[in-house]
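Novice: Pasting a structure here, questions to come.
The values are calculated or read from the model by the stated rules, or taken from the named source; none is laboratory data. Predicted, not measured: the structure shown is a model, and the values here were computed from it. All Cβ positions, even for glycine, are placed from backbone atoms using ideal geometry, and neighbour counts span all protein chains on display.
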Amino acid sequence: MNQEQSCPSCNQDSCSSKAQRPKESMEEFKERQVIQQRLCLIKHKILVMSGKGGVGKSTVATNLAVTLVQQGNKVGLMDVDVHGPNIPKMLGLEGRPIAGTEGNLQPVIHSSNLKVMSMAFFLRQDSDAVIWRGPLKGVLIKQFIKDVDWGKLDYLIIDAPPGTGDEPLSVAQLIEDADGAIIVTTPQEVALLDIRKSITFCRQINMKILGIVENMSGLACPHCHQNIDLFKSGGGARVAKEMNVPFLGSIPIDAKVVESGDNGLPIVADQPNCPVSKAYQEIVNKVIGK
């Protein structure tokens, strides 16, 4: 292969983008090289997913990203929930314009060490609905990787919509060296039924499972200070043991989580010493350890 067809991003002979794959067109090959050049600047890529909606997955992804920033990391947060992009709201970034040129979009800067990209930045107003079939969603996710100037990052956190459909599959196919997935659930059996499907999904596509996070796990009564299991508790740990995957930890319910998210200030930044924030710190430490 001549030099013009070689990826200039590194000198590693083992890099998959060095050679054109069988049945891969030259256009597809060059596109894959551009994607790999972006990804080579990112040390760790983590997918946050859930089996069903309503378990607080985007809240978990946001607070994990901010916790990583608090620990001194450079972090990107990519929201690939095309139909319900909530990350900008949770970070107080609503209405921010996207800058850059075609093929080199600039992510929205939340802080010096946190960069964000979301479909929400491209909508004219919050009530706009994205009415797309699967192939278009795959194209958008590819653009979020190939055309966004993420720069050098320690971590890229990818917030996927619930389920095992187009978006998480596209991420897995485009980011071949992803570190793995964090699966978010709540303790009740209805949610646990679906995280088993998420675990099976990861195994079938050969994506490592970094662990399960049990969100909304118990509530400390503000009056009597006794713990109340509104959605039961311990289900995430039980399924993790049953399915032989790591359990990363439980995050309790706190009304301040809702308030801080609605105000665009994640709870780990707003209340860094509360039990919820400490739970996130412990989860991040386990993930970093992996």
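Novice: Name the one entry in 57, 89, 74, 18 that is among the basic types (Lys, Arg), surrounded by 15 or more Cβ atoms within 10 Å (Cβ to Cβ) and under 12 Å from the mean Cα position of the chain (by Cα). Show your work before the answer.
Specialist: Details: 89 fails: under 12 Å from the mean Cα position of the chain (by Cα); 74 fails: under 12 Å from the mean Cα position of the chain (by Cα); 18 fails: under 12 Å from the mean Cα position of the chain (by Cα).
Within the list 57, 89, 74, 18, the selection yields 57.
Novice: Looking at 58, 50, 16, can you tell me which residue is at pLDDT below 95 and hydroxyl-bearing (Ser, Thr, Tyr)?
Specialist: Working: 58 fails: at pLDDT below 95; 50 fails: at pLDDT below 95.
When all the criteria are applied, what remains is 16.
Novice: Within the stretch 175-184, track down each residue that is at pLDDT 95 or above and out of contact with any Pro (no Cβ under 9 Å at 6 or more places or on another chain). Break it down stepwise before answering.
Specialist: The initial filter retains those residues of the stretch 175-184 that are at pLDDT 95 or above, namely 175, 178-184.
175, 178, 179, 180, 182, 183, 184 - these are the residues of the stretch 175-184 that are at pLDDT 95 or above and out of contact with any Pro (no Cβ under 9 Å at 6 or more places or on another chain).
Novice: From the residues in the stretch 105-137 that are assigned to a helix (DSSP H, G or I) and surrounded by fewer than 20 Cβ atoms within 10 Å (Cβ to Cβ), which one is modelled with the lowest pLDDT? Spell out the reasoning first.
Specialist: Start the filter on the stretch 105-137 by keeping residues that are assigned to a helix (DSSP H, G or I), which leaves 119-122, 134-137.
Right, trim to surrounded by fewer than 20 Cβ atoms within 10 Å (Cβ to Cβ) and you get 122, 134-136.
On the way: 122: 93, 134: 87, 135: 90, 136: 94.
Checked the stretch 105-137; the qualifying residue modelled with the lowest pLDDT is 134.
Novice: To continue, here is another question. Considering only residues of the stretch 119-145 that are under 17 Å from the mean Cα position of the chain (by Cα) and among the basic types (Lys, Arg), which is nearest to residue 98 (Cα to Cα)?
Specialist: 142
Novice: Something else: Do you know which of the residues in the stretch 152-200 that are of a type in the set (Ser, Thr, Tyr) and either crowded, with 18+ Cβ neighbours inside 10 Å or assigned to a loop (DSSP other than H, G, I, E, B) (or both) is nearest to the chain's Cα centre (by Cα)?
Specialist: First pass over the stretch 152-200, keeping only residues of a type in the set (Ser, Thr, Tyr): 155, 164, 170, 185-186, 198, 200.
With the extra rule that they be either crowded, with 18+ Cβ neighbours inside 10 Å or assigned to a loop (DSSP other than H, G, I, E, B) (or both), the set shrinks to 155, 164, 170, 185-186, 198.
Working: 155: 10, 164: 14, 170: 13, 185: 14, 186: 17, 198: 14 Å.
Here the answer is 155.
Novice: Filter the stretch 167-219 for residues that are among the β-branched types (Val, Ile, Thr), within 23 Å of residue 36 (Cα to Cα) and out of contact with any strand residue (DSSP E or B) (no Cβ under 9 Å at 6 or more places or on another chain) and give the result. It would help to see each step written out before you state the result.
Specialist: Applying the first criterion (among the β-branched types (Val, Ile, Thr)) to the stretch 167-219 yields 171, 175, 182-186, 190, 195, 199-200, 205, 209, 212-213.
Retained after the next criterion (residues that are within 23 Å of residue 36 (Cα to Cα)): 171, 175, 182, 205, 209.
Of everything in the stretch 167-219, just one residue is among the β-branched types (Val, Ile, Thr), within 23 Å of residue 36 (Cα to Cα) and out of contact with any strand residue (DSSP E or B) (no Cβ under 9 Å at 6 or more places or on another chain), namely 205.
Novice: Restricting to the stretch 138-148, give me the number of residues that are touching a residue at least 60 places away in the same chain (Cβ under 8 Å) and either among the small types (Gly, Ala, Ser) or part of a helix (DSSP H, G or I) (or both).
Specialist: Our first condition is that a residue be touching a residue at least 60 places away in the same chain (Cβ under 8 Å); within the stretch 138-148, this holds for 140-142, 144-146, 148.
Still in the running and either among the small types (Gly, Ala, Ser) or part of a helix (DSSP H, G or I) (or both): 140-142, 144-146.
The total comes to 6.
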